[in-house]
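Asker: Take this structure, written in structure tokens, and hold onto it; I'll ask about it next.
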Amino acid sequence: MHFDLADLRLFIHIGESPSLTQGARRAHLSPAAASARIKALEAQLDTRLLYRDSRGVELTPAGHTLLTHARLVMRQVDYLKAEFTQFGGDSAGHIRIFANTTAVTEFLPEVLAGFLAQRPGVTVDLQERLSRDIVRGVLDGSTDMGIIAGPVEASGLQVMHFSTDRLVLIVPAGHELASRRQVTLKQTLAYQHIGLHDGSTLLTFLRDQVERMGETLALRIQLSGFEAICRMVEAGVGIGIIPESSASRHSHTMNLVTIALDEPWAERERSILVRELEALPGTVRALIKTLMPGK
């Protein structure tokens, strides 16, 4: 059985698109040519890969299986190309990262700025994802590495802890909780919260904790970043739960009070997830070394 790499890449484009036409466009093919290639691939595998209707295409169970393997194959091909670019160094290549909210909005931009400034030939695709999607993405090869916070259930992956942060409560000066040294999550639910946008890992995590208690998280407004949350809290709009590293930084310029959360999950290990560290190209390993300089 022979697989054409161009066909596998085309199938990935189609599998990640809502329609065959859009997948074909990403592969720089006409819809007719793309359809013919997919039909030939189905004939070779003797199985149906796509359900086709007027609304677009949907992967069959066999299609989902092929998509997983195709991603892994093409990822290894990309790794091979990167390894032999400028003799396998770390000065060129493409890195795809799935990361949680804190990583995307807080520390990764600064790390990547220095990393990319030293490597003009490197490009990065950074996407904010939920924890379960980060794990799944590393497992199925749709991302080179994942960055996650909190407990990790990732059988079959290498998990490398590289730092620790805590979730804390921030309130405006003069708030009735401001004199408390620590509070539980339940004690904060009597007040309106300022939260992150739907789909963010932190908001999803907090909602899960609240639902386990049979309570409701009252959100007054949802924002796209921690600085915006801090500004709303400072103005007295509500209270917020954010990483301690972010609270500490913004407290230098805003009138905020930080209170410890008396919860076992408040301390969160940051971890890098990969399938196999030694199999990664030099560019990705160099970024991981930048994130873990002392390890």
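Throughout, read-outs are computed from the coordinates displayed, never taken from laboratory work. Since this is a predicted model, take the numbers as computed values, not measurements. Glycine gets a Cβ as well: all are built from the backbone with ideal geometry, and neighbour counts include every protein chain shown.
Asker: Out of ILE221, ILE229, I need the residue that is over 11 Å from THR258 (Cα atoms), surrounded by fewer than 20 Cβ atoms within 10 Å (Cβ to Cβ) and either out of contact with any strand residue (DSSP E or B) (no Cβ under 7 Å at 6 or more places or on another chain) or β-branched (Val, Ile, Thr) (or both). Which one?
Answerer: Details: ILE229 fails: surrounded by fewer than 20 Cβ atoms within 10 Å (Cβ to Cβ).
Criteria check complete, one pass: ILE221.
Asker: Let me ask another. Please state which one of THR216, THR253, THR290 is surrounded by fewer than 16 Cβ atoms within 10 Å (Cβ to Cβ) and assigned to a helix (DSSP H, G or I).
Answerer: Details: THR216 fails: assigned to a helix (DSSP H, G or I); THR253 fails: assigned to a helix (DSSP H, G or I).
That would be THR290, the only listed residue that is surrounded by fewer than 16 Cβ atoms within 10 Å (Cβ to Cβ) and assigned to a helix (DSSP H, G or I).
Asker: Filter region 125-163 for residues that are free of Cβ contacts under 8 Å to residues at least 60 places away in the same chain and within 20 Å of PRO281 (Cβ to Cβ); which is surrounded by the fewest Cβ atoms within 10 Å (Cβ to Cβ)?
Answerer: ASP125
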